[in-house]
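A short reminder: the numbers here are calculations on the coordinates, not readings from a lab. Quick caveat: nothing in here was measured; it's all calculated off a predicted structure. Note that each Cβ is placed from the backbone with ideal geometry, even for glycine, and that neighbours are counted across all protein chains shown.
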Amino acid sequence: MNKTALFSVQKHEPCPECGAELVIRSGKHGAFLGCSTYPNCSYVRPLKGQGDGHIVKVLEGQHCPKCQSELVLRQGRYGMFIGCSHYPVCDHTELIDRPDETLLSCPQCQQGKLVQRRSRFCKTFYACDRYPGCQFAVNFTPVAGTCEYCQFPLLIEKKTAQGLKRFCASKACGQAVITGTRRE
């Protein structure tokens, strides 16, 4: 069945505004139900009955720290998360996969720790947990060590064609670390 035939299928449901049939239509945000007499009647409704953040599973035995209701697993716009079953009265939410904390201290401020974060494009990076006070960040996995050239107190691991290699985490230096007599 082609796409135009799919979106012309009628749902045999009357429009609440004019009484005409509702049909499945396609828009830039996905499929929706719309009145068949458009543009005379502009009634539209989301195709999914459940909106953003619908419940996938009830987590029995786990309770909300704010209101003591049961916690539920929800599917939202940006993926899975845990939330209170009494939403929107209680707005408690938790992340499923918490960021990895490293034991490495921030080389820029020496006060914070480096933690794993995700960019808006879902790329993983490591940044100081004192943000916005300290804005140190690296795009590769940080490793304990000192650069032999500039004495910067942090190294990063990069995957190259020759395998995993360590480099200086300083953007000014960026030299590969020498092990033994050959340069990696």
If the chain between Glu70 and Phe125 were fully extended at 0.36 nm per residue, the gain over the current Cα-Cα distance would be 16.5 nm
Please express the shape of the range 101-183 as an equivalent ellipsoid: the semi-axes are the square roots of 5 times the eigenvalues of the C-alpha gyration tensor, given largest first in whole angstrom.
-> 23, 16, 10
Which FRET efficiency value, to the nearest 0.05, is calculated for Glu94 and Arg25 with the Förster distance at 45 angstrom and r the Cβ-Cβ distance?
-> 0.80
Determine the gain in length on full extension of the stretch Leu59-Leu164; use 0.36 nm per residue of separation and subtract their C-alpha separation, reporting nm with one decimal.
-> 33.7 nm
